[in-house]
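Report on one structure; see the data block that follows.
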Amino acid sequence: MVDFQLDAETREILEAYRGFVEEVVLPREEEANFEDSDAVPEDLLAEVRQQARKRGLWAPHMPQAWGGRGLDALALAHVHEELARSPIGPLAVNAMAPDEGNMHALLHFGTDEQQDRYLQPLVDAEIRSCFAMTEPEAGADPYQMQTRAERDGDEWVINGDKWFVTGADGADVAVVVAVTDPDVHPKEGTTLFLADTDRPGFQVDRDVPAMGAWSPGGHCELTLDDLRVPADAVLGPVGRGYRVAQDRLALGRTTHAMRWIGMAQRALDQMASRALERESFGKQLAEHQSIQWMIADSVKELYMSRNMVLRTAAEIEAGDDPSHEVSVLKVFAANAAQEIIDRAIQVHGALGYSKDLMLERFFRDARAGRIYDGPDEVHQWSIAKNALDAVEDEGTTRSVTGGWTR
Ligand SMILES: Cc1cc2nc3c(=O)[nH]c(=O)nc-3n(C[C@H](O)[C@H](O)[C@H](O)COP(=O)(O)OP(=O)(O)OC[C@H]3O[C@@H](n4cnc5c(N)ncnc54)[C@H](O)[C@@H]3O)c2cc1C
């Protein structure tokens, strides 16, 4: 039984995050000049971060022992949503990809030394990180990965090209995914390495200009040319990098979905408000049935996305394998957010298309959600496979549709 009820303490915490977004984050959007650039200005970010710390809202996803707020997955579902109503929000509390996912990987798979060296400064936002997995010739399909790491005495030597690595420009450390045994399945032959980016052989070739999804440090193309890292730079067990990466991505996909819900919520609120304010052909937009249907469809999709997030968060909290739920959620919520934002633009007409509102930016940002962390089609493939396996093994697809199973 999934219990979505929030206790009084969690409600108080959520109230604090909502207050922070409404009192500190949203009022700063105007001075960020998002009409000219998607970038969050550094001085503005420093100021809102100071406020977040002062209010005790820093790093909601990290345990208190590491200086975070220590929230569980259910509370985080609501918190990430609140924060993502503005592109400033997730960064303001240091809970944004890729640092957030890397903190998670270090917390669960890092050695004591790795945690001291990288996790604490990451939580404190003293350093930035990136996660280098995708390659020019290998994205959705891990079998195609070309980057190799070979053991040489007390070191590993890494060679390969990486592509679209968020945050790489100016990052202090990179989590590099490389094949260490090409003769076995990637699940058994891939390893993660923590590479300091000032090491010889680590080169950022360019920040690839992109449609949206702005991030500090861009989305970069990298060359790893005889990049040497010490043996103790391996994150998690040798040969188990794919599993560690999947664990990191499962949480990352869920928190991305939480953020898409935040954007979609703001878009729907604006859509409904505009429908009440604006008149056309002698009546409110809200009185036209076609507009009502856009609102109704958006309500249904947002409702379903939110319930899926909470269900997935509950699976994570219970320690169950959430990979199927994450795939269902990831595809559904990414597409729902895009549809809802698109309808909000439509209801606003030219104003929605303009940069006077955040909707056009949200539309560009949300589009990436259908590609990163596994494109729609790969998750659809996996969802269908799970359904077919379930009906073969159990005679019903209940277990993959959230139904009760014995
Ligand atoms: C904003 C953004 C940020 C990113 N950040 C990072 C990052 O920090 N680190 C990192 O390593 N990567 C990052 N990526 C890369 C991202 O993870 C990859 O783009 C993604 O895994 C898809 O790989 P690809 O682009 O090479 O597409 P490909 O693998 O070439 O796939 C292209 C298309 O082919 C189709 N396709 C592929 N496989 C199948 C299939 N089995 N069945 C049906 N159709 C299929 C899909 O339509 C897919 O979109 C980022 C991408 C974006 C857009």
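Given a 1.4 Å probe, how much area per residue of region 1-116 is accessible, in Å²?
Normalised by residue count, the accessible surface of region 1-116 is 48 Å².
Excluding residue 351 itself, what net charge comes from residues whose Cβ is under 12 Å from its Cβ, given Lys and Arg +1 and Asp and Glu -1?
After counting each charged neighbour, the total is 0.
Can you give me the accessible area per residue for region 243-400, using a 1.4 Å probe, in Å²?
48 Å²
Over the chain, with every protein chain in place, what whole percent of the accessible area is carbon and sulfur at 1.4 Å, could you tell me?
Answer for the chain: carbon and sulfur cover 48 percent of the accessible area.
Gain in length, residue 385 to residue 353, computed as 0.36 nm per residue apart minus the alpha-carbon separation, to one decimal in nm?
Working it through step by step, the gained length comes to 7.6 nm.
Work out, step by step, the length gained on full extension between residue 152 and residue 303: first 0.36 nm times the residue separation, then minus their alpha carbon distance; give nm to one decimal.
Between residue 152 and residue 303, full extension yields an extra 49.0 nm.
Below 8 Å between Cα atoms, with a sequence gap of 6+, how large is the relative contact order for region 258-349 in percent?
44 percent
Could you report region 129-235's accessible area per residue, 1.4 Å probe, as an integer in Å²?
Here the per-residue accessible area is 44 Å².
May I ask you to rank 20, 332, 164 by accessible area, largest first, using a 1.4 Å probe over the protein chains only?
Output order, biggest surface exposure first: 164, 332, 20.
Note down the net charge around residue 364, summing +1 for each Lys or Arg and -1 for each Asp or Glu among other residues with Cβ under 13 Å from its Cβ.
0
What's the angle, to the nearest 10 degrees (0 to 90), between helix 73-83's Cα axis and the longest principal axis of the chain?
That works out to roughly 60 degrees.
Rounded to whole Å and sorted largest first, what semi-axes of the equivalent ellipsoid does the C-alpha gyration tensor of region 1-157 yield via the square root of 5 times each eigenvalue?
Its equivalent ellipsoid spans semi-axes of 31, 21, 17 Å.
The values are calculated or read from the model by the stated rules, or taken from the named source; none is laboratory data. Predicted, not measured: the structure shown is a model, and the values here were computed from it. Cβ atoms come from the backbone with ideal geometry, glycine included; neighbour counts cover every protein chain shown. The accessibility values were calculated without ligands, DNA or RNA, using every heavy atom of the protein model including side chains. Shrake-Rupley method; radii C 1.70, N 1.55, O 1.52, S 1.80 Å.
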